[in-house]
Structures are given as C-alpha cells and as structure tokens.
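Since the structure comes first, as structure tokens, the remarks are kept for the end.
Where a number appears in this text, it was derived from the coordinates with a stated rule and is not lab data. Since the structure is predicted, the reported quantities are computational estimates derived from the model, not experimental observations. Here the Cβ positions follow ideal geometry from the backbone for every residue, glycine too, while neighbour counts run over all protein chains shown.
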Amino acid sequence: MKAVLVSVLDLAPEVRHFVFEVPEVERLHFKPGQFISFQETLGGKKITRPYSIASLPDGNRFELCLNLVHGGIFSPYLFQMRPGDAVEMSAPLGFFVVRNPDKDAVFIATGTGIAPFRSMAPDYLSHPQAKELTLIFGVRYEHSLYYRDEFEALARRHANFRFWPTLSRPEPSWSARTGHVQIHLLEAIGDRRDLDVYICGLKAMVDDVRGILKALGFDRKQIIFEKYD
Ligand SMILES: Cc1cc2nc3c(=O)[nH]c(=O)nc-3n(C[C@H](O)[C@H](O)[C@H](O)COP(=O)(O)OP(=O)(O)OC[C@H]3O[C@@H](n4cnc5c(N)ncnc54)[C@H](O)[C@@H]3O)c2cc1C
C-alpha cells in the first residue's frame with residue numbers, strides 16, 4: 001500500500017505530527033496502540049521502520065508523531081516529505097493494545113513514546129467498563145509536551161483520567177511535576193499491585209520501569225511495553 005502525506009504540523013523542535021491517508025482502501029483497520037511499517041529503498045538498501053499510530057481509527061487516515069533522529073536513515077527521509085508525497089507502507093500490526101479496559105491502568109511515555117497513547121487513552125476511556133487511568137508523560141522541556149491541550153481536555157471530560165506531565169529540565173515558571181517518570185510511577189501505583197502498566201519509549205526508560213515493577217511484584221502479564229530502539 002502507499003501512504004500519501006496529507007499535512008504536517010511541527011509540535012516542538014524536531015518533533016512533527018504527520019497526517020497520512022491510504023487512497024487504495026476505504027478504511028484502515030487497526031487497534032489503538034498498533035503500528036504501521038514504512039519501507040523505502042534508501043542508499044540502495046531496502047529499509048523498513050515501524051511507527052506507532054497516534055490517532056483513533058478514522059476512515060483511511062492515520063496520524064504519526066515522529067522525532068528527527070540525527071544521523072538516522074528513515075526519520076530524515078520522512079521529515080523531508082511534503083504533502084502529496086507517498087511512501088510504501090504495510091498494514092497495521094502489533095500487540096501493544098489495551099488488554100483489560102475493566103482494570104485500572106497506568107500509561108507511561110517519554111518523548112514520542114506518547115504516540116500510541118494518543119490513540120489508546122481515548123479508546124480506553126470510551127469503554128463503558130473503563131476504570132481509573134493515569135497517563136504519566138515525561139519530556140525535558142515544557143514546549144515538548146506535545147498534545148498537552150488534548151490530554152488536559154480528555155481529563156476534564158473523564159473524571160477517571162489523570163494526566164501527569166513531568167519535566168526533567170523545567171523552567172523556573174513550571175510549578176507542576178518534575179523529574180523522571182519513574183518517580184511518579186511509584187505515586188501512581190501506591191500500594192496497588194493489581195494494575196496494568198503500559199510503557200512506551202526508548203529502551204533505557206522502558207527497561208528501567210519494567211525493572212521497578214518486577215521488583216515490586218508485578219506479574220509480567222501486567223507489564224505491556226513497546227520499545228522504540
Ligand atoms: C514498534 C515501534 C514503533 C515506533 N514508533 C515510533 C513513533 O511513533 N515515533 C518515532 O519517532 N519513532 C518510532 N519508532 C522508532 C522508529 O521506528 C525508528 O527507529 C526511528 O524513526 C529512527 O529511525 P532512523 O532510520 O531515522 O534511524 P536509525 O538509523 O534506525 O537509528 C539511529 C538511532 O536512533 C535511535 N532511535 C530510534 N528511535 C528513536 C527515537 N524515536 N528517538 C530517538 N532515538 C531513536 C536508535 O536506537 C538508533 O541508535 C518506533 C519503533 C518501533 C520498534
């Protein structure tokens with residue numbers, strides 16, 4: 001299939017929101033949290049890279065949230081695309097999806113690891129049996145809290161949703177949470193050991209959070225994760 005770029009929006013320095021459509025299908029079927037893969041021949045080699053879908057199912061459209069990796073291969077290619085350009089893609093896949101909407105859950109993201117949660121959080125909250133959900137979103141700077149308005153609006157609409165942004169390099173004007181997501185995880189779970197915890201971001205953070213949860217006695221089935229590297 002070909003994905004055609006419809007529009008882009010810069011979310012922060014070197015972080016961009018992409019809207020694509022797939023003209024040859026009427027509907028792109030996927031579960032919130034799944035990823036698509038792009039393929040292109042770059043530098044004479046066929047390169048494939050997966051990207052989490054950052055939107056709810058919506059006809060043949062899907063959205064992505066990407067950061068530019070300096071010295072990388074595929075992200076610079078996607079960042080030079082203009083509306084109307086096309087890229088080869090394969091159908092959505094992946095097991096990073098909401099398992100038990102009837103259980104309390106914590107979502108943990110750093111950086112563009114927020115992408116699947118932009119789809120999974122409203123999806124989770126739309127289930128009639130949805131319980132308490134906390135999203136902990138860690139970035140360095142306030143200007144990198146992509147989709148902040150959307151998550152704050154979601155929290156206003158759903159009393160069972162808590163949105164906890166945290167900054168590791170806050171400006172003095174920031175009076176909310178600071179430090180790494182790991183610190184706030186402990187507050188979010190408290191004495192509870194019956195929650196599902198979903199983690200998405202780079203390996204170092206994901207492995208660290210998994211290690212903390214295992215040490216606290218969480219079962220591996222309760223820890224659902226997606227590593228970007
Ligand atoms: C299931 C899955 C979903 C993904 N979803 C997203 C997504 O929604 N948004 C997104 O930006 N990336 C996502 N990625 C990462 C993406 O597939 C690429 O690895 C990334 O775009 C870098 O590719 P590259 O060819 O430019 O760099 P490469 O040449 O492949 O890698 C250069 C270096 O960048 C590191 N790296 C990989 N991803 C990132 C990142 N996001 N930030 C910083 N460093 C990184 C790698 O460890 C590697 O050392 C996802 C990865 C997986 C496995």
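In this rough spin-label picture, where each label sits 7 Å from Cα along the Cβ direction, the Lys45-Glu24 distance is 2.6 nm. Taking Cα centroids, how far is segment 12-91 from segment 134-160 in Å? So the two Cα centres are separated by 23 Å.
Over segment 93-142, what relative contact order in percent results from Cα pairs under 8 Å that are six or more residues apart?
Numbers: 49 pairs, mean separation 25.3, N = 50.
Answer for segment 93-142 is 51 percent.
Close amide-amide hydrogen proximity is noted between Phe225 and Ile199, each under 5 Å apart and 5 or more residues distant or on a separate chain (H modeled in the peptide plane; Pro and chain starts excluded).
Report summary: the helix-based calculation at 222 nm, which adds -39500 (n - 2.57) for every DSSP H run with n ≥ 4 and divides by the residues of the chain, gives -6500 deg cm²/dmol.
Summing Lys and Arg as +1 and Asp and Glu as -1 over all other residues whose Cβ lies under 10 Å from the Cβ of Asp104 gives a net charge of -1.
Evaluate E = 1/(1 + (r/R0)^6) for His180 and Lys2, where r is the Cβ-Cβ distance and R0 equals 45 Å; express this FRET efficiency to the nearest 0.05. Numbers along the way, then the final one.
On the way: r = 40 Å, r/R0 = 0.88.
That gives a FRET efficiency of 0.70.
Close amide-amide hydrogen proximity is noted between Arg162 and Leu133, Thr134, Leu135, each under 5 Å apart and 5 or more residues distant or on a separate chain (H modeled in the peptide plane; Pro and chain starts excluded). Spin-label pair Val97-Arg140: with each label point 7 Å from Cα along the Cα-Cβ axis, the two points sit 3.6 nm from one another. Structure note, pairs Lys2/Lys203; Lys2/Lys46; Lys31/Lys214; Lys2/Lys45: Cα-Cα distances above 21 angstrom occur for Lys2/Lys203; Lys31/Lys214. Remark on the chain: Rg and Dmax equal 17.6, 54 Å (Cα only).
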